[in-house]
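Q: Dumping the structure here so I can ask a few things about it.
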2 protein chains.
Amino acid sequence: MKAEIITIGDELLNGQVIDTNSAWIARHLGALHIPVVHITSISDKGYAIKNALQQAEERADVIIMTGGLGPTRDDVTKAAVADYFGTTLVRNETVSAHVQEIFHRTGRKHMPAMNIGQADVLANAAVLFNDVGTAPGMAVERSGKYFAFLPGVPFEMKFLMENRVLPMLRNAYKSDVFVYNSYLLTVGIGESHLAEQIADIEDTLPPFITLAYLPRIGMVRLRFTGEGTDMEALTSITNSFKEQVVERIKDHVVSIDNRSFEEVLVQIFTDTGITLSTAESCTGGSISAQITAVPGASRMFQGAAVVYSNQAKMDVLGVLSETLTQYGAVSEPTVKEMAEGARRVFRTDYAIATSGIAGPGGGTETKPVGTVCIAVAGPSETRMQTFHFKNDRAINIERTVVAGLTMLWDILK
Amino acid sequence: MKAEIITIGDELLNGQVIDTNSAWIARHLGALHIPVVHITSISDKGYAIKNALQQAEERADVIIMTGGLGPTRDDVTKAAVADYFGTTLVRNETVSAHVQEIFHRTGRKHMPAMNIGQADVLANAAVLFNDVGTAPGMAVERSGKYFAFLPGVPFEMKFLMENRVLPMLRNAYKSDVFVYNSYLLTVGIGESHLAEQIADIEDTLPPFITLAYLPRIGMVRLRFTGEGTDMEALTSITNSFKEQVVERIKDHVVSIDNRSFEEVLVQIFTDTGITLSTAESCTGGSISAQITAVPGASRMFQGAAVVYSNQAKMDVLGVLSETLTQYGAVSEPTVKEMAEGARRVFRTDYAIATSGIAGPGGGTETKPVGTVCIAVAGPSETRMQTFHFKNDRAINIERTVVAGLTMLWDILK
């Protein structure tokens, strides 16, 4: 049982839009032990859609296609798919009433006529009713293969997957080969050093377990993948190898259950009843935004002061004018006062402070672009560190976020 | 002249990692008028790599493959590609010296032996020297087709594209058919209403110009794409249609030059010498992080107060205890005081404030998940608005960011 995902849209091919739908769909099919073997992005042209369907039908059993179901003229998926299956489009009255109801509910008196076309569905398809939008999904089964056609708008696609497609697949397409993935997240060690430290364990992996290294900025995620027919044995063997690795590199292991670094930190704070705030200059609120994106962060996160100007560093956080004059905004004494100021202002147990030159402008001879100072203040000490990153603005900000969280995690240990 | 992108990695197929490389590569090839016709993500298995290369070679003239060039055992691209071309791997001494130098420069005394393998390159390839990492890129030309093999780590891929691949393509692969894209960003109007308002203009588009609707949360981007051999005439005709559309819907047009909403706002503030701050509860610093991701934002953005707790709302922004008691944290009176407090504390001309229930927890009968209040304070007035979003946490945060920026843009008009 294999799946293939096809996403449609010239905006994907010209790079205007990043395809995030495929990863979401793949994760959810993976949870049903239906591995995705191929992801393709194609143009919203009839021939491209038909070619992609034909190749996918040869390779996979479950084919999920997204995009091109909207009301405007550049949306051609339905016509192309009807042609592929040798069928026609028919008006669905339930969908038609729903589309009109949506327009009236949102207080818009007038519905553009083109929206009525959204009620036209493939004659050979089951309609996947879309509660959260005007474009219905459609499902077709042919010769034991299952095709789903979904809108490309992410939250509509997700609604239809969660409420229509996945429940159906869970019942009908049971595989007898299981794929078990188990993850491990490390910080503060590079990919090849990590690989070297665990080489002897990797040597003993049986052929049905593979180990993958997924490096990201400042972190490496390890994925153990086991394949087999006995789910219980598979899980137990795969995890026994993972435990050997955890034991070997335990100082670097942040998470063993596929949670993100932020999720782990939120949990540590919540479990122990301690609180956090941030004082951010070069990260501009990114640490705060990443922490607060975790549900439940409001129990441990009190707030952040994003202080771009020297004036704000003094007014909001009580940084001393002399410190800024003597050492500059990007200095260890300044971030120390910022972190301690955030602890005081937000009344928290811990605080992270950042100040740096993210680029592209602002660098000097002694403090080039990429120079970043970070402080973490806690109840008993404040630690400072200076980093020399060398990349573009977005990467420097991201590296600073990870470095700040890593310093926080270290001080908590 | 057509291009195809192949990204390799099980982490892409199982959804652990979103493929952002393809969009970046596509944008940069598009700038050279080399349209991408196909993007494929495949497994890091030898047969998948060889199959994908064969299909791509049939469809495209330029093939860019990323991923699987690292030092660990799960990286099999080089062996598979050597097999595909019927060639072997040879040790490159320049790369070997570079890899060792990188390890010594970063102060690590010991280099894991597996890194020496990174200096093995395809015997039939030109080496694309990688200044920023240990994995070299490789380029192969065969029967007028160009193949580039690049690391999957985004900043290494970008370095090699910008410094090795794109300069080469710019010289060698000149196309005589130009593709001209021109963009328009709108806020505050839905996709089908927009389409209806400009239907008569769309009717008159010649066959060589297409119009695409790219809806995002709270925004719709329009893309006019013209194809032809006379670049100057093509640009002029395409833009004349775009100007008709801009004139028709001008109240909704934020950007006509492919800049983001944040970039446009930063420019307005910078040009007029005014300043901005934010006071964020439910958005947790996301407005600040998005504004400060724009280079040069430090000239107009003074700071943000992320105030999750009621105590912080009072301490940092001077919100009155009575206001919180009488109306609650999620209320128009509270966000009014937050916005005005931010203007005062950060000494700015304008301030945006947000407070809401992003979910999944925290909803009540009268204020369900998705209830969000936003205020924008300026020199002469403060405007408040209450929104009722209904989605998951991440979407509610994103909708709030766009709604806050839209209110700011409205008050500036």
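Q: Restricting attention to segment A:164-203, which residues are among the polar types (S, T, N, Q), at pLDDT below 95 and more than 17 Å from residue A:63 (Cα to Cα)?
A: Narrowing segment A:164-203 to residues among the polar types (S, T, N, Q): A:171, A:175, A:181-182, A:186, A:192, A:197.
Narrowing further to those that are at pLDDT below 95: A:171, A:175, A:181-182, A:192, A:197.
Passing the criteria: A:181, A:182, A:192, A:197.
Q: Here's another thing I want to ask about it. Restricting the search to segment A:86-99, which residues are in contact (Cβ under 8 Å) with a residue 12 or more places away in the chain and touching a helix residue (DSSP H, G or I) at 6+ places or on another chain (Cβ under 9 Å)?
A: Pass one, segment A:86-99, residues in contact (Cβ under 8 Å) with a residue 12 or more places away in the chain: A:87-96, A:98-99.
Of everything in segment A:86-99, those that are in contact (Cβ under 8 Å) with a residue 12 or more places away in the chain and touching a helix residue (DSSP H, G or I) at 6+ places or on another chain (Cβ under 9 Å) turn out to be A:87, A:88, A:89, A:91, A:92, A:93, A:94, A:95, A:96, A:98, A:99.
Q: I'm told residue A:192 meets every condition in (1) surrounded by fewer than 18 Cβ atoms within 10 Å (Cβ to Cβ); (2) under 22 Å from residue B:103 (Cβ atoms); (3) small (Gly, Ala, Ser) except one. Can you identify the failing condition by its number?
A: (1)
Q: Now a separate question. I need a count of the residues in segment B:190-223 that are away from chain A (no Cβ under 11 Å) and on the phi < 0 side of the Ramachandran plot. Working first, answer last.
A: First, pick out the residues of segment B:190-223 that are away from chain A (no Cβ under 11 Å): B:200-201, B:204, B:206-209, B:218-219.
Retained after the next criterion (residues that are on the phi < 0 side of the Ramachandran plot): B:200-201, B:204, B:206-209, B:219.
Count: 8.
Q: I need the full set of residues from segment B:35-59 which are facing chain A (nearest Cβ under 8 Å), in contact with a Gly (Cβ under 9 Å, 6 or more places away or on another chain) and either touching a residue at least 40 places away in the same chain (Cβ under 8 Å) or among the charged types (D, E, K, R) (or both), in order please.
A: Hit for segment B:35-59 is B:44, nothing else.
Q: Hey, another quick one. Out of A:34, A:5, which single residue is of a type in the set (Val, Ile, Thr) and in a strand (DSSP E or B)? Even if it seems obvious, please write down each step before you answer.
A: On the way: A:34 fails: in a strand (DSSP E or B).
After ruling out the rest, the residue left standing is A:5.
Conditions tested, residue by residue: (1) more than 9 Å from chain B (Cβ to nearest Cβ); (2) more than 27 Å from residue A:289 (Cβ to Cβ); (3) part of a helix (DSSP H, G or I).
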| residue | (1), (2), (3) |
| --- | --- |
| A:184 | yes, no, no |
| A:225 | no, yes, no |
| A:269 | yes, no, yes |
| A:277 | no, no, no |
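Yes/no matrix, rows are residues, columns are (1) more than 29 Å from residue A:162 (Cα to Cα); (2) hydrophobic (A, V, I, L, M, F, W, C); (3) in contact with a helix residue (DSSP H, G or I) (Cβ under 8 Å, 6 or more places away or on another chain); (4) not in a strand (DSSP E or B):
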| position | (1), (2), (3), (4) |
| --- | --- |
| B:373 | yes, yes, yes, no |
| B:387 | no, yes, yes, no |
| B:394 | no, yes, no, yes |
| B:401 | no, yes, yes, yes |
| B:408 | yes, yes, yes, yes |
| B:411 | yes, yes, no, yes |
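Q: A further question follows. Between a first residue in segment B:18-34 that is within 10 Å of chain A (Cβ to nearest Cβ) and a second residue that is aromatic (Phe, Trp, Tyr), which pairs have beta carbons less than 9 Å apart while being 6 or more apart in sequence or on different chains?
A: Going by the 9 Å Cβ cut-off, the qualifying pairs are B:18/A:24.
Q: Now for a separate question. Among the numbered criteria (1) crowded, with 20+ Cβ neighbours inside 10 Å; (2) within 14 Å of another protein chain (Cβ to nearest Cβ); (3) over 22 Å from the mean Cα position of the chain (by Cα), which one does residue B:287 miss?
A: Failed condition: (3).
Q: Name the residues in segment B:62-94 that are assigned to a strand (DSSP E or B) and either on the phi > 0 side of the Ramachandran plot or of a type outside the set (D, E, K, R) (or both), would you? Full working, then the answer.
A: In the first step, residues of segment B:62-94 are kept if they are assigned to a strand (DSSP E or B); the result is B:62-66, B:89-91.
Selection gives B:62, B:63, B:64, B:65, B:66, B:89, B:90.
Q: OK, next. Specify which of the listed residues (A:321, A:355) is in contact with a helix residue (DSSP H, G or I) (Cβ under 8 Å, 6 or more places away or on another chain), in the same structural domain as residue A:280 (by TED's automatic domain parsing) and buried (at least 17 other Cβ atoms within 10 Å of the Cβ). Step through it out loud before you land on a result.
A: Details: A:321 fails: buried (at least 17 other Cβ atoms within 10 Å of the Cβ).
From the options A:321, A:355, the qualifying one is A:355.
One line per residue, one yes/no per condition, for (1) part of a strand (DSSP E or B); (2) out of contact with any His (no Cβ under 9 Å at 6 or more places or on another chain); (3) surrounded by 21 or more Cβ atoms within 10 Å (Cβ to Cβ):
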| residue | (1), (2), (3) |
| --- | --- |
| B:124 | no, yes, no |
| B:130 | no, no, yes |
| B:135 | no, yes, yes |
| B:138 | yes, yes, yes |
| B:141 | yes, yes, no |
| B:148 | yes, yes, yes |
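The values are calculated or read from the model by the stated rules, or taken from the named source; none is laboratory data. On a predicted model such as this, the values are computed, not experimentally measured, just so you know. Quick reminder, even Gly has a Cβ in these numbers, built from the backbone with ideal geometry, and neighbours come from all protein chains shown.
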